[in-house]
Structures are given as C-alpha cells and as structure tokens.
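Okay, so here's the structure we're looking at.
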Amino acid sequence: MGWFDKEENCTDSLNMQLANDATFVRAAFSNRLSILIQDLIVAFVVGITLEWRVALIALATVPFLTISAVAQVCE
C-alpha cells in the first residue's frame, strides 16, 4: 500500500505512462508494418513487370524481411 503513496507511483501518473507506452508501441508497429507491406508489393510488381524469375527472387526474400521487421519491433 505504501508504494502508491509515493508521488511518482500515483494512479494518475501510472495511467498516463501506460497510455503513452501503448501509443508508442502502436505507432511503431503500424509504421514498420505498413512500410514492409509497401516494399513487398512494389518488389513483386517490379519483378512481374521485368521478369517472373525476378519476382520469385523477391518472394524468396519475404522471410528475411519479416525477421528483420520483427527484430526492429522487439528493440
């Protein structure tokens, strides 16, 4: 009970910190995910336009791009 008596641990400051953290996580995740999806679509369209073999190479990089995006989110 004494933990909540401290000024930095009052319910108002804890709620504000949780709201700020949730907003930061949502913005970071949605921005990186949208960039990843845009990159995949552009790579696939360019690959199909140039040659189908290039599109297959672009599709082969999807796991690497996904892993790197997850690693960036976890930082």
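Taking the criterion of being small (Gly, Ala, Ser), assigned to a helix (DSSP H, G or I) and either loosely packed, with under 10 Cβ neighbours inside 10 Å or touching a residue at least 24 places away in the same chain (Cβ under 8 Å) (or both), would at least one residue in region 47-59 satisfy it? No, that holds for no residue. Per this entry, Ser68 is counted among residues that are modelled with pLDDT of 80 or more, part of a helix (DSSP H, G or I) and not hydrophobic (A, V, I, L, M, F, W, C). Give me the pairs: first residue in region 13-32 and farther than 15 Å from Cys74 by Cβ and of a type in the set (Phe, Trp, Tyr), second residue part of a helix (DSSP H, G or I) and modelled with pLDDT of 75 or more, beta-carbon distance under 6 Å, and six or more apart or on different chains, which are they? Listed by first residue and then by second, the contacts come to nothing, as the list is empty.
The values are calculated or read from the model by the stated rules, or taken from the named source; none is laboratory data. Please read these numbers as outputs of a predicted model, since none were measured by experiment. Don't worry about glycine lacking a Cβ; one is built from the backbone with ideal geometry, like all the others, and counts go over all protein chains shown.
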